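J.: One structure, as structure tokens, below. Some questions next.
The values are calculated or read from the model by the stated rules, or taken from the named source; none is laboratory data. Fair warning: this is a prediction, and the values are worked out from it, not measured in the lab. Cβ placement follows ideal geometry from the backbone for every residue including glycine, while neighbour counts extend to all protein chains displayed.
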Amino acid sequence: MKIIVLGGDGFIGWPLSLDLSKEGHEVYIIDNLTRRSIDKELNVSSLTPIKDLNSRLATWKRLTNHDINYVNINIDKDYEIFQNLLKEFRPDVIFHLAEYKSAPYSMRSAYHKIETVGHNINAANVILSSIIESEIETHLIHIGTMGVYGYSSMKNTYIPEGYIDVDINYENGFKEKRNILYPFNPGSIYHLSKSLDNLIFQFYAKNDNLQITDLHQGIVWGCQTDLTILHEDLINRFDYDGDYGTVLNRFIIQASLDYPLTVHGSGGQTRALINLKDTIKCLKIAMNNKHEKNNKVRIFNQLSETKTVKEIASIISHVSNTKIDNIKNPRNEDSENDLVAKNNSLIRLGLDPIMFNENEALGLLEIAHKYNKNCDISKIPSQPSWKNNNN
Ligand code: USQ
């Protein structure tokens, strides 16, 4: 297949691109390297030494004789270039992973709120309108987030896969049954931008009958895949900083440095998790199992399991003997919540998830130990605060 990976230099986009290329697909990466610019802005870098994209691609070619094309386009602005590329390349599939993806970063300041919402929703609109304009038949696969639903407690209920049947009782006595999107309740500007994406996808699916799959993903943990370990030049990102590091990977890196694990508050927050290798499997499952076009977006919950932050910390603390530090939570979130989310669709289509356990923690610790000399410890604390200054 001909496949565009938007955001193909990123944490998921890079190993995905290698995997698709290895399978013999013709892969075209579009990336404007924003994630690397943000590293410069925050004066931090991945724990693992990631090579520039051209060197990564040259090594891949040398090792496998597979070409991956790459162009630097800002998808939210350069829409004419993007449309011409679509007309020429005519992709069967477009993976959209070219979004700002950090909740703390999105809460830093007005600038970061504006950038996150502006880029993420413009990008979705540019991609979809360009698919129409270029008159191509393609399947758009986007990584969304479980976080669009928020994390309030949900005794006896669960998060369905995208849609829910409701009975509406109007004040005038009229009753109606509808199948609607499960209600959003985002807890950060980043999660808000992903909720807005959903409405954009719904509109284009309804109006233009485009084929769109949105994967509502949990927190990804892990670093390397079978292909990124082939050569040091292919190594994947491993973020630990207070903006872009996510909870499990951060705790691993902290443990490798004997830095007390930074549990926010009591650690009773329950979150959805998925291993990086499973994320890639799920993206390919979505690609290989197209759905009938029915003017609706197909939504899958992409998670393997749920765990509380304190459960994650306890596993890592146990294998590494690192202390746990319950610090003041910089976020505005419930101190505890239950989370039950259906993931039947991807399981039915073949996902056999890797669960996080002590063995997995030990494997990740090995990578962290190897590179932890690159860690700038001053970047570990999470600076952004959710609180309004007037509170
Ligand atoms: N947390 C800690 N200590 C830390 C870092 C985080 O206790 O050092 C807590 C947070 O307060 C939160 C939980 O861990 O309760 C998860 O935080 P996170 O930073 O790992 O994840 P989050 O901000 O929710 O967002 C991340 C990714 C995002 C993805 C999302 C999946 O940044 O791209 O969409 O995970 S989900 O959470 O399912 O929405």
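J.: Given the structure, is ASP334 in a loop (DSSP other than H, G, I, E, B) and either more than 27 Å from TRP14 (Cβ to Cβ) or within 11 Å of the ligand (Cβ to nearest atom) (or both)? It would help to see each step written out before you state the result.
T.: Details: in a loop (DSSP other than H, G, I, E, B): yes; either more than 27 Å from TRP14 (Cβ to Cβ) or within 11 Å of the ligand (Cβ to nearest atom) (or both): yes.
Taking the combined requirement at face value, the residue satisfies it.
J.: Answer with yes or no whether LYS284 is more than 15 Å from the ligand (Cβ to nearest atom), modelled with pLDDT under 95, of a type outside the set (A, V, I, L, M) and closer than 24 Å to VAL27 by Cα.
T.: Details: more than 15 Å from the ligand (Cβ to nearest atom): yes; modelled with pLDDT under 95: no; of a type outside the set (A, V, I, L, M): yes; closer than 24 Å to VAL27 by Cα: yes.
It is false that LYS284 is more than 15 Å from the ligand (Cβ to nearest atom), modelled with pLDDT under 95, of a type outside the set (A, V, I, L, M) and closer than 24 Å to VAL27 by Cα.
J.: Also: Which of (1) among the hydrophobic types (A, V, I, L, M, F, W, C); (2) within 13 Å of the ligand (Cβ to nearest atom); (3) surrounded by fewer than 20 Cβ atoms within 10 Å (Cβ to Cβ) does ILE252 not meet, given it meets every other one?
T.: ILE252 satisfies every listed condition except (3).
J.: So if I check each of SER320, SER314, SER335, SER304, which one is under 18 Å from GLU161 (Cβ atoms) and small (Gly, Ala, Ser)?
T.: Numbers: SER320 fails: under 18 Å from GLU161 (Cβ atoms); SER314 fails: under 18 Å from GLU161 (Cβ atoms); SER335 fails: under 18 Å from GLU161 (Cβ atoms).
Unique residue meeting the criteria: SER304.
J.: Just name the residue that is farthest from the ligand (Cβ to nearest atom) out of those in segment 255-281 that are in contact with a helix residue (DSSP H, G or I) (Cβ under 6 Å, 6 or more places away or on another chain) and of a type outside the set (S, T, N, Q).
T.: We begin by selecting, within segment 255-281, every residue in contact with a helix residue (DSSP H, G or I) (Cβ under 6 Å, 6 or more places away or on another chain); these are 255-257, 261, 263, 267, 269, 272, 280.
From what's left, of a type outside the set (S, T, N, Q): 255, 257, 261, 263, 267, 272, 280.
Details: ALA255: 12, LEU257: 13, LEU261: 8, VAL263: 5, GLY267: 6, ALA272: 5, ILE280: 16 Å.
Here the answer is ILE280.
J.: If you take the residues in segment 131-186 that are surrounded by 11 or more Cβ atoms within 10 Å (Cβ to Cβ) and small (Gly, Ala, Ser), which one is farthest from the ligand (Cβ to nearest atom)?
T.: Filtering segment 131-186 for residues that are surrounded by 11 or more Cβ atoms within 10 Å (Cβ to Cβ) and small (Gly, Ala, Ser), the one farthest from the ligand (Cβ to nearest atom) comes out as SER134.
J.: Residues to consider are HIS318, HIS291; find the one that is in a helix (DSSP H, G or I), over 15 Å from the mean Cα position of the chain (by Cα) and either of a type in the set (Val, Ile, Thr) or away from the ligand (no atom under 16 Å from the Cβ) (or both). Before you say what the answer is, go through the steps one by one.
T.: Details: HIS291 fails: in a helix (DSSP H, G or I).
Being in a helix (DSSP H, G or I), over 15 Å from the mean Cα position of the chain (by Cα) and either of a type in the set (Val, Ile, Thr) or away from the ligand (no atom under 16 Å from the Cβ) (or both) holds for just one of HIS318, HIS291, which is HIS318.
J.: Output the number of the condition that GLN217 fails; it satisfies all remaining conditions of (1) at pLDDT 95 or above; (2) out of contact with any helix residue (DSSP H, G or I) (no Cβ under 9 Å at 6 or more places or on another chain).
T.: For GLN217, the failing item is (2).
J.: Let me ask something else. Kindly indicate whether any position in segment 224-245 is within 16 Å of the ligand (Cβ to nearest atom), part of a helix (DSSP H, G or I), surrounded by fewer than 24 Cβ atoms within 10 Å (Cβ to Cβ) and among the small types (Gly, Ala, Ser). Lay out the reasoning, then the answer.
T.: To start, the set of residues in segment 224-245 that are within 16 Å of the ligand (Cβ to nearest atom) comprises 236-245.
Applying the additional criterion that residues be part of a helix (DSSP H, G or I) yields none.
No, segment 224-245 has no match at all.
J.: Taking segment 27-80, which residues are at pLDDT 95 or above and among the basic types (Lys, Arg)?
T.: Answer for segment 27-80, where residues must be at pLDDT 95 or above and among the basic types (Lys, Arg): ARG35, ARG36, LYS40, LYS51, ARG56, LYS61, ARG62.
J.: So, one more: Just to be sure I understand, how many residues within segment 65-108 are within 16 Å of the chain's Cα centre (by Cα) and either within 19 Å of ILE212 (Cα to Cα) or in a loop (DSSP other than H, G, I, E, B) (or both)? Give the derivation first.
T.: To start, the set of residues in segment 65-108 that are within 16 Å of the chain's Cα centre (by Cα) comprises 94-106.
Those still in the list that are either within 19 Å of ILE212 (Cα to Cα) or in a loop (DSSP other than H, G, I, E, B) (or both) too: 94-102.
Result for segment 65-108: 9.
J.: Something else now. Quick check on segment 321-331: of everything there that is out of contact with any helix residue (DSSP H, G or I) (no Cβ under 9 Å at 6 or more places or on another chain) and of a type outside the set (D, E, K, R), which residue is nearest to the ligand (Cβ to nearest atom)?
T.: Applying the filter and picking the extreme gives ASN329.
J.: Those residues that are part of a loop (DSSP other than H, G, I, E, B) and surrounded by 22 or more Cβ atoms within 10 Å (Cβ to Cβ), I need them from segment 10-35; list them, please.
T.: Hits for segment 10-35 are GLY10, PHE11, ILE12, ASP31.
J.: Return the pairs, sorted by first residue and then second, in which the second residue is within 11 Å of the ligand (Cβ to nearest atom) and among the charged types (D, E, K, R), the first residue lies in segment 197-222 and is under 16 Å from GLY147 (Cβ atoms) and free of Cβ contacts under 8 Å to residues at least 60 places away in the same chain, the beta carbons are less than 6 Å apart, and the residues are 6+ apart or on different chains.
T.: ILE219/ARG271
J.: For segment 342-368, which positions are aliphatic (A, V, I, L, M), surrounded by fewer than 19 Cβ atoms within 10 Å (Cβ to Cβ) and not in a helix (DSSP H, G or I)?
T.: Within segment 342-368, LEU349, ILE354, MET355 qualify.
J.: Regarding segment 86-104, can at least one residue be identified that is under 30 Å from ASP241 (Cβ atoms) and of a type in the set (S, T, N, Q)?
T.: yes
J.: Out of everything in segment 68-123 that is among the small types (Gly, Ala, Ser) and over 18 Å from GLN217 (Cβ atoms), what residue ends up being farthest from the ligand (Cβ to nearest atom)? Lay out the reasoning, then the answer.
T.: Filtering segment 68-123 for residues among the small types (Gly, Ala, Ser) gives 98, 102-103, 106, 109-110, 118, 123.
Next, from what is left, pick out any that are over 18 Å from GLN217 (Cβ atoms): 109-110, 118.
Details: SER109: 17, ALA110: 19, GLY118: 17 Å.
Here the answer is ALA110.
J.: Quick check: anything in segment 173-185 of a type in the set (Gly, Ala, Ser), assigned to a loop (DSSP other than H, G, I, E, B) and under 20 Å from the mean Cα position of the chain (by Cα)?
T.: Of all residues in segment 173-185, those of a type in the set (Gly, Ala, Ser) come to 173.
Adding the requirement that they be assigned to a loop (DSSP other than H, G, I, E, B) leaves 173.
After this cut, where a residue has to be under 20 Å from the mean Cα position of the chain (by Cα) as well, the list is none.
Checking segment 173-185: not a single residue is of a type in the set (Gly, Ala, Ser), assigned to a loop (DSSP other than H, G, I, E, B) and under 20 Å from the mean Cα position of the chain (by Cα).
J.: Quick check: anything in segment 130-146 more than 18 Å from ASN343 (Cα to Cα), modelled with pLDDT of 95 or more, of a type in the set (S, T, N, Q) and part of a strand (DSSP E or B)? Step through it out loud before you land on a result.
T.: Step one: list which residues in segment 130-146 are more than 18 Å from ASN343 (Cα to Cα), which gives 130-140.
From the residues that got through so far, the ones that are modelled with pLDDT of 95 or more too are 130-140.
Remaining after also requiring of a type in the set (S, T, N, Q): 130, 134, 138.
Then keep just the ones that are part of a strand (DSSP E or B); that gives none.
Within segment 130-146, not a single residue is more than 18 Å from ASN343 (Cα to Cα), modelled with pLDDT of 95 or more, of a type in the set (S, T, N, Q) and part of a strand (DSSP E or B).
J.: Name the one entry in LEU283, LEU248 that is closer than 23 Å to THR64 by Cβ, in a helix (DSSP H, G or I), among the hydrophobic types (A, V, I, L, M, F, W, C) and under 17 Å from the mean Cα position of the chain (by Cα). Working first, answer last.
T.: Numbers: LEU248 fails: closer than 23 Å to THR64 by Cβ.
That would be LEU283, the only listed residue that is closer than 23 Å to THR64 by Cβ, in a helix (DSSP H, G or I), among the hydrophobic types (A, V, I, L, M, F, W, C) and under 17 Å from the mean Cα position of the chain (by Cα).
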